[in-house]
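What follows draws every value from the coordinates through simple rules; no lab data is involved. Quick caveat: nothing in here was measured; it's all calculated off a predicted structure. In this analysis, Cβ positions are derived from the backbone assuming ideal geometry, glycine residues included, and neighbour counts consider all displayed protein chains.
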Amino acid sequence: MDHTAFLILRLAVGASMFGHGLVRLPKLNGFSHWMVGLYEKSMLPIALVTPFSYILPILEFLIGIFLLTGLFTRASLIAGALVMIVLILGTTLIENWDALPSQLIHAAFFAVLLQYIGSNSWALDSLLKR
């Protein structure tokens, strides 16, 4: 993959993750209550949903920062893919089919970027290797 194309995709998915986390962090309690309410009638125990609802925005924010800067890119892509897999499972359990395409697209971006990680030349990772 072209280095510029990789950069564009990395920045796009990084901006998405960063933005998701950034807007949720200041209203973390409200976000958590919303998410718990969403899953209260699902088969997922609230004891799992509650901590995840507090951790998710932090993960999104950190993954976004790391992808935007190109620091720990491989680990961030794997972490992002794992977050998407968990979100996809949760989304299907509450039958929120409208949210599923966005999550699948994010998962695909993470997979493609992992496939072409060798094209990650414009990144802090590259500077640190020198």
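Some points to look at:
- For the chain, modelled as a GNM whose springs connect Cα atoms under 10 angstrom apart, the maximal fluctuation among Leu89, Leu68, Leu113 occurs at Leu89.
- Span-like helix ranges in the chain, DSSP H, alpha carbon extent 18 angstrom or more, Kyte mean at least -1.0: 3-24, 46-69, 73-93, 100-115
- For the chain, the relative contact order works out to 34 percent when only alpha carbon pairs closer than 8 Å and six or more residues apart are counted.
- Residues Trp97, Trp122, Trp34, sorted so that the one with the fewest Cβ neighbours within 10 Å comes first: Trp97, Trp34, Trp122
- Within-15-Å neighbourhood charge of Phe66 [Cβ basis; K, R +1; D, E -1]: 0
- Highest-MSF residue in the chain out of Leu59, Leu114, Leu93 [GNM, Cα springs under 10 Å]: Leu93
- Unit charges at the beta carbon, dipole of the chain: most positive-side option, Val36, Leu48, Thr73: Thr73
- Charge tally in the Cβ shell below 15 Å around Phe110, where Lys, Arg are +1 and Asp, Glu are -1, Phe110 excluded: +1
- Each of Leu127, Leu77, Leu87 was scored by other Cβ atoms within 10 Å of its Cβ. Arranged with the fewest first, they read Leu127, Leu87, Leu77.
- As computed over the chain, the Cα convex hull volume per residue (Å³): 96
- Ser76, Ser126 arranged by Cβ crowding within 10 Å, fewest neighbours leading: Ser126, Ser76
- Rounded to the nearest 20, the size of the Cβ-charge dipole of the chain about its Cα centre is 340 debye, with Lys and Arg at +1 and Asp and Glu at -1.
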